[in-house]
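Since the structure comes first, as structure tokens, the remarks are kept for the end.
The values are calculated or read from the model by the stated rules, or taken from the named source; none is laboratory data. Just so it is clear, the model here is predicted, and its values are computed rather than measured. No Cβ is skipped: glycine too gets one built from the backbone with ideal geometry, and neighbour counts run over all protein chains shown. Surface areas here come from the heavy atoms of the whole protein model, side chains and all, with no ligands, DNA or RNA. Shrake-Rupley method; radii C 1.70, N 1.55, O 1.52, S 1.80 Å.
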Amino acid sequence: MHARTSGILLHPTSLPGPFGIGDLGPRARQFVDFLADAGQGLWQVLPLGPTGYGDSPYQAVSAFAGNPLIISPELLAQEGWLTGEDLEAPDFPAERIDYGAVIFWKHQILARAHERFREHASEVQKADLDEFRRRHADWLHDYCLFFALKQQYPVSWTEWPSAILTREDPAIARARQDYADAIAVQEFIQYQFFRQWAALKDYAHSRGVRLLGDVPIFVAHDSADVWAHPEWFQLDHGGKPTKVAGVPPDYFSAEGQLWGNPLYRWDVLEREGYAFWVDRLRLLLTLVDCVRLDHFRGFAAHWEVPAGHPTAMHGNWAPGPGPALFQALETALGHLPLIAEDLGTITPDVRELRDSVRLPGMAVLQFAFSVEENGIGDSLYLPHKHQQNLVVYTGTHDNDTTLGWWQTLSHQDRHFLQRYLRTDGQAIHWDLIYAAMSSVANTVIVPLQDVLGLGSEACLNRPGRAEGNWTWRYRHDALSPQLAGQLREVSRLYGRRPI
């Protein structure tokens, strides 16, 4: 991204609406309208896969499938697959997602929509679903069977019956036959997700807004991908990880972060031409216009922890695929619009890899204002040290909101920030937005929580906390023409335009 532009980070689950969770319906288009009115060229979202235990978009049960929970009931009703009565949702909380209640209700109405489709769809509509099945067969068949088996055996796939665990041909054929109805429901759900997302993308483009997606470097162990292709991962004979992913102690956690994802067998993936990654990026780039590579440093070297350790403190660095992966991606797909999430413990080999594949990195202003002994900061994230080929954030989904962060700053750091930005801190969120927008960096992304000036109650994720994350939603009346005007003014002031 070489033009000066800016945008907002907001995961679709955080959109308002009556169905307990944000979705791809009318309020998603209203948010696009807000972005356009505010002069913003980018909408950044988090990974779009179906979430599992913990509801984290970074622990999806498929690297390819879409999240059923953000399918819009209203759009299904417009097509005739749901009725007005179906849209009478329970009294869900307005500003928090109650995942248990949402999952129960949403899967009920999606199954109902499939039943109506099966009974009333035209031959053209059924043919379109068949074409979707054919086009996505490489991942869709395994994912839908995995989901159907999960309904039958609601435990980790390593505890499934042996013949299914090891994917013996007769057992898999029998399962596809026995659970054909459940598989058909999941195929329909994925069909609707991809149709609704494509329509939203087209609408965003019509308003001058481009979509920035996110791909986690690792996949969840309890996922269709690991079950279907155990040879790609470091597993024992029972399918359990021998080593798992994490990061060493850092800003977010004194004990490090133990993610628990299985690690790749990069040598196996390399022999297959990194086909998994090629297919993954190819599909994602039909959904979004550019992609943030989460935990980019793991492509240079990743932190591996022996399975069973309670924290990530006792691990070691192991080499990633390096430039070979990116060469394979470029050979297969051409030069890709990627952003390297190069936060955390960044060593020279990570910077060398990022620069060799010509990717912009990230700078987070909340990390910029730690002072040295002389009372002056020396962080590369300080605005006067930025470069053009950079994406600047006030904070990310893993940070506290800027207002919440400000309230917990040490006296020394707060004093330095006030001197640096020449502010009394009364509108600290706008101070950081102005600092980001004025940067020489080509791209600026601001979480919606910072645009709204919200405190820690609006934090989306707290790394290291097992529960209570990913639940925040903004209220339907939070976005106003006045707010759009204020954001448009600062974007224009510093020469930022929609792409």
Which of the residues belonging to region 144-184 are aliphatic (A, V, I, L, M), more than 27 Å from HIS114 (Cα to Cα) and over 29 Å from the mean Cα position of the chain (by Cα)?
-> ALA163
Working carefully through the options PHE218, PHE276, PHE194, PHE188, find the one that is surrounded by 15 or more Cβ atoms within 10 Å (Cβ to Cβ), part of a helix (DSSP H, G or I) and in contact with a Gly (Cβ under 8 Å, 6 or more places away or on another chain).
-> PHE194
Would it be correct to say that ILE183 is farther than 30 Å from ARG475 by Cα and touching a Cys at 6+ places or on another chain (Cβ under 7 Å)?
-> yes
Could you please let me know if ASP128 is acidic (Asp, Glu), open to solvent by 60 Å² or more (accessible area, probe 1.4 Å) and touching a Lys or Arg at 6+ places or on another chain (Cβ under 9 Å)?
-> yes
Selection within region 467-483 - over 30 Å from TYR58 (Cα atoms) and touching a Leu at 6+ places or on another chain (Cβ under 9 Å) = LEU483
Output the residue which, of all residues in region 456-497 that are among the small types (Gly, Ala, Ser) and more than 24 Å from SER438 (Cα to Cα), is surrounded by the most Cβ atoms within 10 Å (Cβ to Cβ).
-> ALA458
Given (1) of a type outside the set (A, V, I, L, M, F, W, C); (2) part of a loop (DSSP other than H, G, I, E, B); (3) in contact with a strand residue (DSSP E or B) (Cβ under 9 Å, 6 or more places away or on another chain), ARG354 misses just (2)
Have a look at THR402, THR396 and point out the one that is of a type outside the set (Asp, Glu), within 30 Å of ASP355 (Cα to Cα) and within 19 Å of the chain's Cα centre (by Cα).
-> THR396
Would you please list the contacts, defined by Cβ atoms under 6 Å and residues six or more apart or on different chains, that run from a residue in region 474-499 that is in a loop (DSSP other than H, G, I, E, B) to a residue that is among the basic types (Lys, Arg)?
-> GLY495/ARG4; ARG496/ARG4; ILE499/ARG210
Over region 61-118, the set of residues closer than 22 Å to ARG473 by Cα, open to solvent by less than 50 Å² (accessible area, probe 1.4 Å) and not in a helix (DSSP H, G or I) is GLY66, ASN67, ILE71, SER72, LEU87, ALA89, PHE92, ILE97
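Conditions tested, residue by residue: (1) under 24 Å from the mean Cα position of the chain (by Cα); (2) in contact (Cβ under 8 Å) with a residue 12 or more places away in the chain; (3) more than 30 Å from TRP197 (Cα to Cα); (4) assigned to a loop (DSSP other than H, G, I, E, B).
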position	(1), (2), (3), (4)
ARG292	yes, yes, no, no
GLU304	yes, yes, yes, no
ALA324	no, yes, yes, no
ALA328	yes, yes, no, no
VAL350	yes, yes, yes, no
MET362	yes, yes, no, no
ASN374	no, no, yes, yes
One residue from ILE8, ILE21 being part of a loop (DSSP other than H, G, I, E, B), modelled with pLDDT of 95 or more, of a type in the set (Val, Ile, Thr) and open to solvent by less than 10 Å² (accessible area, probe 1.4 Å) = ILE21
Inside region 420-429, can you point out the residues that are under 14 Å from LEU365 (Cα atoms) and in contact (Cβ under 8 Å) with a residue 24 or more places away in the chain?
-> TYR420, ILE428, HIS429
Only one of these conditions is not met by VAL305: (1) at negative phi; (2) open to solvent by 10 Å² or more (accessible area, probe 1.4 Å). Which number is it?
-> (2)
Could you check ALA198 against (1) closer than 15 Å to GLY66 by Cβ; (2) in contact with a Leu (Cβ under 7 Å, 6 or more places away or on another chain) and say which number it fails?
-> (2)
May I ask you to list pairs of residues, at least six apart or on different chains, whose Cβ atoms are under 7 Å apart, with the first in region 250-274 being more than 13 Å from PRO321 (Cα to Cα) and the second being open to solvent by 20 Å² or more (accessible area, probe 1.4 Å) and of a type in the set (A, V, I, L, M)?
-> GLU255/MET313; GLY256/MET313; PRO262/LEU235
Looking at (1) open to solvent by 10 Å² or more (accessible area, probe 1.4 Å); (2) touching a strand residue (DSSP E or B) at 6+ places or on another chain (Cβ under 7 Å); (3) among the hydrophobic types (A, V, I, L, M, F, W, C), find the lone condition where ALA199 falls short.
-> (2)
Filter result for TYR420 (buried (at least 16 other Cβ atoms within 10 Å of the Cβ), among the aromatic types (Phe, Trp, Tyr), within 18 Å of ALA340 (Cα to Cα) and modelled with pLDDT of 95 or more) | no
Being assigned to a loop (DSSP other than H, G, I, E, B) and either within 17 Å of PRO241 (Cβ to Cβ) or hydrophobic (A, V, I, L, M, F, W, C) (or both) is the filter here, so list the residues in region 279-290 that pass it.
-> VAL288
Quick one: which residue in GLU123, GLU119, GLU95, GLU115 is touching a strand residue (DSSP E or B) at 6+ places or on another chain (Cβ under 8 Å) and either closer than 30 Å to LEU454 by Cα or without any contact (Cβ under 8 Å) to a residue 24 or more places away in the chain (or both)?
-> GLU95
Going by the structure shown, is GLY49 closer than 14 Å to TRP197 by Cα, in a loop (DSSP other than H, G, I, E, B) and without any contact (Cβ under 8 Å) to a residue 60 or more places away in the chain?
-> yes
Being in a loop (DSSP other than H, G, I, E, B) and over 18 Å from TRP277 (Cβ atoms) is the filter here, so list the residues in region 222-242 that pass it.
-> ASP222, ASP236, HIS237, GLY238, GLY239, LYS240, THR242
When the residues of region 221-235 are filtered to those that are closer than 25 Å to LYS106 by Cα and of a type outside the set (S, T, N, Q), which remaining residue is surrounded by the fewest Cβ atoms within 10 Å (Cβ to Cβ)?
-> ASP222
